[in-house]
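Encoded as structure tokens, the structure appears first; notes follow it.
Every number here is computed from the coordinates shown, using simple stated rules; none is lab data. Computed from a predicted model, the values in this text were never measured in an experiment. Here Cβ is always computed from backbone atoms with ideal geometry, including for glycine, and neighbour counts include all displayed protein chains.
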Amino acid sequence: MNNISEVLEGVHSVGIGGHVRPDGDCVGSCMALYLYLKKWYPKIHTDIYLEDPKEQFSYLEGFREIRKACTEPVIYDLFITCDVSSRDRIGVAGECFDTAKRTVCIDHHISNFGFAEVNHVVGDASSASEVLYALLDKDKVDQAIATAVYTGIIHDTGVFQYQNTNPETLFVAGELMKKGVPFSRIIDESFYQKTYIQNQVMGRVLAESIMLLDGKCIAGWIRYKDMEFYGVEGKDLDGIVSQLRLTEGVEAAIFFYENEPQCYKVSLRSNGVVDVSKVAVYFGGGGHIRAAGCNMNGSVYDVINNILEQIEKQL
Ligand code: AMP
Ligand code: MN
Ligand code: MN
């Protein structure tokens, strides 16, 4: 695909959906596409589905129009996913994806083997937002659309910090800046800012973390009862694994929280030597070389031991 217009011919209705627990790139890419279609294809009826997106993204235009569930069965002419690496990651809009007449997937996960009819996956792009931007007419990208794309890029690159940042990413960011994106505010409010409680929880996880494999690996976790005590949910814990990764000498960082008794959402981060995507895929998850995730069951020590075994193989 060279331009999004290629898949829009004869289309009267479009559904857009991201992945479960939508992150900044997921929200940014889906919202950018939504705003673009609403503005430039007003005759197409467009809906957007995202599972409970974080309030910190509420500065995005159209944020309140996001549908948080597939309440009535709608058959779309076309369903487009952004930042979704496999069918089982679609979440709230899964049904609409299955019943749509055509499906398109716009993504950047190396673990994505293509689950839609048209799969536009650029494995070396920083973010799904950058992949999407390449498919848009640049003169049709207004400030609101640019703000959504910029949000996605800064979240998946850790504000241009991670290895997935490349010259093209910075070029695109420059073009978006020309559109008047309020970049300082976005970076502060959507990326770095934490609530007092979030900081407290991060502090506790860091204090209780353990170093493993001669200091090459670090693990931190939080149990369900402690999440209840602080009144936090999974989405409040973003950023903890990134901080663990920044520990001197560490090659791989593991962070997991207990979704329900003995069920954990695991996040993995690498400083380059370990391909954590391989580890996550081994346990039924996926992601990128330096950032991946999966779901696991058992005790805290089962999770650590099982993951450690896979990481050790790569060290
Ligand atoms: P997270 O640790 O949740 O921030 O996720 C890091 C990366 O791994 C993201 O790009 C996710 O899309 C991917 N990922 C996380 N969890 C899973 C999972 N259960 N299955 C597939 N990919 C995942
Ligand atoms: Mn994502
Ligand atoms: Mn992404």
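Close amide H pairs (under 5 Å, H built 1.01 Å from N) link residue 84 with 106, residues at least 5 positions away or on another chain. Only Cα pairs within less than 10 Å get springs; with that Gaussian network setup on the chain, which residue of 26, 82, 70 has the largest fluctuation? Per the Cα network of the chain with a 10 Å cutoff, 70 tops the list.
Dividing the mean sequence gap of close Cα pairs (under 8 Å, 6+ apart) by how many residues segment 72-165 holds gives a relative contact order of 22 percent.
Largest GNM mean-square fluctuation among 64, 89, 102, using the chain with Cα springs under 10 Å: 64.
Charge tally for residue 276 (other residues, Cβ to Cβ under 11 Å; Lys, Arg +1; Asp, Glu -1): +2.
At 222 nm, what helix-only mean residue ellipticity would the chain give, in deg cm²/dmol to the nearest 500, using -39500 (n - 2.57) for each DSSP H run of four or more?
Taken over the chain, the calculation gives -10000 deg cm²/dmol.
Taking a Cβ cut-off of under 10 Å around residue 81, the surrounding Lys, Arg, Asp and Glu residues balance to a net charge of 0, with basic ones at +1 and acidic ones at -1.
Projecting the Cα atoms of 45, 11, 27 onto the dipole axis of segment 1-45, where Lys and Arg carry +1 and Asp and Glu carry -1 at the beta carbon, places 45 farthest toward the positive end.
Going from the residue with the fewest nearby Cβ atoms within 10 Å to the one with the most, 108, 12 rank 12, 108.
Each 20 Å bin from zero holds the following percent of Cα-Cα pairs in the chain: 33, 57, 9, 0. Summary of the geometry: segment 61-87 and segment 181-216, compared by the centres of their Cα atoms, lie 30 Å apart. Each label point was placed 7 Å from the Cα along the Cα-to-Cβ direction; for residue 188 and residue 301 their separation is 4.7 nm.
Placing unit charges on the Cβ atoms of the charged side chains and taking the dipole of segment 4-192 about its Cα centre, the candidate lying farthest along the positive direction among 93, 164, 181 is 181. Assuming charge only on the beta carbon of Lys and Arg (+1) and of Asp and Glu (-1), the dipole of the chain about its Cα centre is about 280 debye to the nearest 20. Near residue 150: Cβ cut-off under 12 Å, other residues only, Lys/Arg at +1 and Asp/Glu at -1. The net charge is -1.
When the listed pairs 101/138; 140/278; 38/101; 68/216 are checked against a 30 Å cut-off, the alpha-carbon distance exceeds it for 140/278; 68/216. The angle separating the long axis of helix 143-157 from the principal Cα axis of greatest extent in the chain is about 20 degrees.
When each of 71, 99 is scored by the number of other beta-carbon atoms lying within 10 Å, the sequence from fewest to most is 71, 99. The alpha carbons of segment 196-314 stretch over 37, 29, 22 Å along the principal axes, in descending order.
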